[in-house]
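Structure record follows, encoded as structure tokens.
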Amino acid sequence: DVKVTQSSRYLVKRTGEKVFLECVQDMDHENMFWYRQDPGLGLRLIYFSYDVKMKEKGDIPEGYSVSREKKERFSLILESASTNQTSMYLCASSLIRSSYNSPLHFGNGTRLTVT
Amino acid sequence: AQRVTQPEKLLSVFKGAPVELKCNYSYSGSPELFWYVQYSRQRLQLLLRHISRESIKGFTADLNKGETSFHLKKPFAQEEDSAMYYCALMAGGFKTIFGAGTRLFVKA
């Protein structure tokens, strides 16, 4: 069974701080994703990666960056946290690019509060 | 533009009643559609996918390309079906776009 692990369940940070959200998957999946989940807005894609050191912007990349130095690890970075980045952040992974039946496997999420 | 629309934020039904969660999509290519579910205090997980044409936990969903819809249906709702449901479209190979979600509440 695929396991996607997010390092923190809850985080509280101050405005202007640099924030790192870590995600690790254990099934050798090529693709990894960061979403934020907000009530009434659903899940919005921030960044994704289809290979080590590769990254692509999603729909809302502003204020975020990512790092993928190893296949199993995908980090989301908030360079200078702002209150409008208070949200639930979900990491996901999937197997194989451009393939049918490659659903997403999600982590438990990190609830970030920026004060 | 690629878009997934779930028109209902909240759907409340009685136990044993039929339930239908609506989903419409906008995509110029050949769509790959999914339903994901999030139960209370659990991670978001796949419920079913259109390509498999399967029934999971009594739920089914049929892709209607003419109406660009992928509605989720269950003939008899159970209390344990109460959850947040997201319709999702896989566009461009592996990028997945989600709708805003529908919270289903099944009353006893």
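With respect to (1) out of contact with any strand residue (DSSP E or B) (no Cβ under 7 Å at 6 or more places or on another chain); (2) farther than 27 Å from B:LEU33 by Cβ; (3) in a loop (DSSP other than H, G, I, E, B), the lone exception for A:ASN84 is condition (3). Assess whether A:LEU11 counts as being over 11 Å from the mean Cα position of the chain (by Cα), under 22 Å from A:ASN84 (Cβ atoms) and more than 10 Å from chain B (Cβ to nearest Cβ). Judged against the criteria, A:LEU11 is a match.
Being of a type in the set (A, V, I, L, M, F, W, C), away from every other protein chain (no Cβ under 13 Å) and exposed (fewer than 14 other Cβ atoms within 10 Å of the Cβ), is that true of even one residue in region A:27-49? Yes, region A:27-49 contains a residue that is of a type in the set (A, V, I, L, M, F, W, C), away from every other protein chain (no Cβ under 13 Å) and exposed (fewer than 14 other Cβ atoms within 10 Å of the Cβ).
So for region B:27-35 (the condition being at pLDDT below 95, more than 13 Å from chain A (Cβ to nearest Cβ) and either over 21 Å from B:LYS107 (Cα atoms) or assigned to a loop (DSSP other than H, G, I, E, B) (or both)), does at least one residue qualify? Yes.
For region B:1-34, taking the residues that are under 19 Å from B:LEU63 (Cβ atoms) and hydroxyl-bearing (Ser, Thr, Tyr), the one that is surrounded by the fewest Cβ atoms within 10 Å (Cβ to Cβ) is identified as B:SER30. Could you tell me which residue of region B:67-95 is surrounded by the fewest Cβ atoms within 10 Å (Cβ to Cβ), considering only residues that are within 14 Å of chain A (Cβ to nearest Cβ) and more than 14 Å from the chain's Cα centre (by Cα)? For region B:67-95, the residue satisfying everything is B:GLY92.
The values are calculated or read from the model by the stated rules, or taken from the named source; none is laboratory data. In this text, all values refer to a predicted model and were calculated from it rather than measured experimentally. Note: ideal-geometry Cβ built from the backbone for every residue, glycine included; neighbour counts use all protein chains shown.
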